[in-house]
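A short write-up of the structure that comes next.
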Amino acid sequence: MLTGENARTTTTTATARRGDWRFLWPYFRRESRRLGLLGAVMLGATGATLASPFVVREFIDGVVTGTLDVAGSTRLVLLFGVLGLARYALSAVEAGLAESVAWRSTNRLREDVLQHAMDLPLEHHHTATPGEWVERVDGDISLLSNLFSRFVITIVGELLIVVGVITALFSVDWRIGLLFLVCLLVGLVGIRWVAGWGRDAYRGSRGAVARFMGYVEERLRGTEDLQALGAVGHAMEGLTDRHRGVLRTDLRAALVGSSLVWASASLFTALVTALALGLAGLRFGQGALTIGTVYLVFAFTQQLQEPLIRLSHQLQDYQRAMAGLSRTREILDLPVEPRGGTAVLPDGPHDVTLDGVTFGYAREHPVVTDLDLELPAGQTLGVVGRTGAGKSTVAKLLSGLVRPDAGAVRIGGVDTADVSVTDLRAAVAVVTQDVFLLDASVRDNVTLMDPDVSDEQLGAALEALGLTEWVGRLPHGLDTRVSEHVMSAGEAQLLALTRVLIRDPALVILDEASARLDPETERRLDAALRPALAGRTAVVIAHRLATLDSVDLVAVVDEGRIVELGPRDQLSVDPGSRFATMLQQGGS
Ligand SMILES: Nc1ncnc2c1ncn2[C@@H]1O[C@H](COP(=O)(O)OP(=O)(O)O)[C@@H](O)[C@H]1O
Ligand SMILES: [Mg+2]
């Protein structure tokens with residue numbers, strides 16, 4: 001649902017655009033002091049720009065009528081120079097201020113989007129790769145900050161100039177002023193109209209870039225597998241396809257969005273210049289205007305041309321940024337995970353109950369059906385079953401990552417649907433075969449940056465998993481950065497388990513946590529687990545049956561149902577049980 005294809009189908013209406021600005025305003029409002037300063041600087045710069053042609057007019061008329069002496073002309077030349085300097089100095093301040101307002105306000109938007117993304121139900125993260133997310137959180141929003149720092153400045157700055165020019169021309173000759181005003185209104189309506197075409201083209205181009213980034217990120221992560229399987233060539237071909245997609249959409253965007261706008265703006269200014277010079281020439285012939293004033297009209301026509309062309313340039317950024325914004329708002333519009341209720345889980349190990357639980361990732365295709373299970377407090381349940389049987393889904397139901405379509409999951413007698421997500425996450429710890437280590441110290445990886453974890457707690461957890469000696473051998477002990485020391489998969493797994501023990505959760509779930517380990521490391525992990533899980537309620541989803549040697553109960557899952565459930569000691573010796581058969585076959 002995050003793909004550009006989808007995004008492109010959204011219609012672009014005038015109301016959507018107005019909504020965009022209303023959406024952005026709160027982010028800019030916080031910068032109102034800087035914005036005010038920016039406005040004042042822009043007014044100054046506009047004044048300096050508009051005053052210059054008047055100085056030149058004085059000069060021309062003075063020379064033509066022979067009334068300009070040396071002192072007078074020196075004064076005018078100096079004034080002209082000072083005005084020019086002031087204009088450039090103020091523009092520099094203007095650019096700096098605009099950049100700072102743009103980054104400060106869009107950084108807040110970035111924070112909001114990232115926060116929102118992390119609160120989204122996990123399935124959204126499965127529909128887009130991390131690369132796409134990066135492009136969403138940073139790429140699209142950077143376009144917005146560019147929009148503000150350049151486009152808004154241009155628009156407001158040029159509008160000030162245009163208003164100034166029109167006022168000045170009315171004061172010179174109302175006919176010329178009126179001509180400019182009419183031409184300008186026609187021009188603005190025309191450019192708005194042309195610009196509308198470009199917007200859709202830019203959405204397509206942003207989508208293609210996001211897909212390209214996603215592809216690269218995914219391939220880079222899978223480099224090891226790709227090389228091992230000899231699939232690098234195929235991956236590179238895929239890259240070419242993505243490149244072609246970017247090129248095609250970019251080309252379209254450039255043609256429709258930019259060239260057309262540029263061409264129409266140029267044509268328009270040429271027309272206005274001709275009309276204005278014609279009219280001014282006529283008035284000069286009638287003796288109504290001096291030659292200096294004809295120059296003034298010409299200079300102002302040129303000052304109108306620049307805003308219009310720059311405006312059309314900026315429209316390209318505007319289209320891109322608005323396309324980015326609508327994609328950003330799509331993320332913010334995705335509903336976040338329900339925060340759950342206010343029921344509180346009691347402390348200590350809990351019994352866990354599944355009561356008629358049915359769930360499917362798509363409701364119409366249940367993946368687990370009518371599960372009933374009672375796991376007494378402090379006991380360990382082993383779960384076995386074929387790949388795809390629904391074991392991991394059971395783990396997700398227990399940890400609240402997915403919610404039952406029917407039935408209830410109870411921990412300590414409390415329906416998990418009534419517990420807040422935060423409390424539930426704190427009470428249930430899950431370790432899977434994918435361990436994610438941050439590029440931080442071993443300590444921070446274990447405590448997850450929680451400063452309340454004491455060294456004693458940390459030491460006890462490491463001791464329980466037999467890691468004390470290992471930490472002692474690290475170059476800087478607990479302060480060794482993960483990137484400094486090549487961590488084996490087994491060590492990473494053990495660190496993940498340490499995380500769990502420190503949190504002291506009411507329920508521990510291991511979902512094939514040792515599946516990627518070599519048999520030797522797996523045995524070490526199993527040995528470490530035994531004391532670590534003692535007295536805790538735990539669910540161990542087993543990849544090798546040996547992992548289940550010490551569990552209390554065993555559940556066999558097949559096609560989303562629990563087909564066998566009982567004490568391990570009984571099942572293993574009951575020749576009629578599936579579990580005993582599995583043990584005999586020596587695999588699952
Ligand atoms: N995120 C998901 N979206 C859609 N279907 C899924 C998802 N995860 C798992 N499934 C499907 O649910 C079924 C059970 O998967 P899972 O619980 O992971 O099985 P197991 O852990 O026993 O191998 C499988 O058919 C799988 O394809
Ligand atoms: Mg699984």
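The values are calculated or read from the model by the stated rules, or taken from the named source; none is laboratory data. Just so it is clear, the structure is predicted and the values come from calculations on it, not from any experiment. Cβ coordinates were reconstructed from backbone atoms using ideal geometry, including for glycine residues, and neighbour counts include every protein chain displayed. To get the accessible areas, we keep the full protein, side chains included, count just its heavy atoms, and leave off ligands, DNA and RNA. Shrake-Rupley method; radii C 1.70, N 1.55, O 1.52, S 1.80 Å.
For the reader, a short list of remarks on this structure follows.
- Residue check for Gly378: in a loop (DSSP other than H, G, I, E, B), away from ligand 2 (no atom under 16 Å from the Cβ) and out of contact with any His (no Cβ under 7 Å at 6 or more places or on another chain): yes
- Whichever residue in the range 548-572 is in contact (Cβ under 8 Å) with a residue 40 or more places away in the chain and more than 30 Å from His365 (Cβ to Cβ) and, among such residues, is nearest to ligand 1 (Cβ to nearest atom): Val551
- Taken over the range 368-382, residues that are within 17 Å of Leu565 (Cα to Cα) and open to solvent by 10 Å² or more (accessible area, probe 1.4 Å) amount to 9.
- Conditions (1) under 28 Å from His350 (Cβ atoms); (2) not in a loop (DSSP other than H, G, I, E, B); number of the one not met by Leu583: (1)
- Test: residue in the range 409-429 that is touching a residue at least 24 places away in the same chain (Cβ under 8 Å), within 30 Å of Ser483 (Cα to Cα) and assigned to a strand (DSSP E or B): yes
- Residue check, Glu559 open to solvent by 50 Å² or more (accessible area, probe 1.4 Å) and within 16 Å of ligand 2 (Cβ to nearest atom): yes
- Number of the exception - Gly388 against (1) within 14 Å of ligand 1 (Cβ to nearest atom); (2) open to solvent by 50 Å² or more (accessible area, probe 1.4 Å); (3) under 15 Å from Leu510 (Cβ atoms): (3)
- Residues (part of a loop (DSSP other than H, G, I, E, B) and open to solvent by 50 Å² or more (accessible area, probe 1.4 Å)) located in the range 214-246: Leu229, Gly230
- Arg87 of a type outside the set (Asp, Glu) and in contact (Cβ under 8 Å) with a residue 60 or more places away in the chain: no
- Among residues of the range 54-76 that are more than 26 Å from Gly164 (Cα to Cα) and in a helix (DSSP H, G or I), none has a beta-carbon under 8 Å from a residue that is open to solvent by 90 Å² or more (accessible area, probe 1.4 Å) and of a type in the set (Asp, Glu) at least six positions away or on a different chain.
- For the criterion of being charged (D, E, K, R) and open to solvent by less than 60 Å² (accessible area, probe 1.4 Å), Glu31 passes.
- Residue within the range 569-577 that is under 23 Å from Asp372 (Cβ atoms), aliphatic (A, V, I, L, M) and modelled with pLDDT of 80 or more present: yes
- The set of residues in the range 446-473 that are hydrophobic (A, V, I, L, M, F, W, C) and crowded, with 16+ Cβ neighbours inside 10 Å comprises Val446, Val453, Leu458, Ala461, Leu462, Ala464, Leu465, Leu467, Val471.
- Matching residues, the range 393-423, being modelled with pLDDT under 85, crowded, with 18+ Cβ neighbours inside 10 Å and away from ligand 1 (no atom under 16 Å from the Cβ): Asp423
- Meets criteria (over 17 Å from Leu345 (Cβ atoms) and either assigned by TED's automatic domain parsing to the domain that holds Val508 or more than 16 Å from ligand 2 (Cβ to nearest atom) (or both)) for Ala406: yes
- Check on Leu438, touching a residue at least 40 places away in the same chain (Cβ under 8 Å), touching a helix residue (DSSP H, G or I) at 6+ places or on another chain (Cβ under 7 Å) and within 29 Å of Leu517 (Cβ to Cβ): yes
- Whichever residue in the range 536-556 is in a strand (DSSP E or B) and out of contact with any His (no Cβ under 9 Å at 6 or more places or on another chain) and, among such residues, is most open to solvent (accessible area, probe 1.4 Å): Leu553
- Selection within the range 512-535 - open to solvent by 20 Å² or more (accessible area, probe 1.4 Å) and within 16 Å of ligand 1 (Cβ to nearest atom): Glu512, Ala515, Arg516
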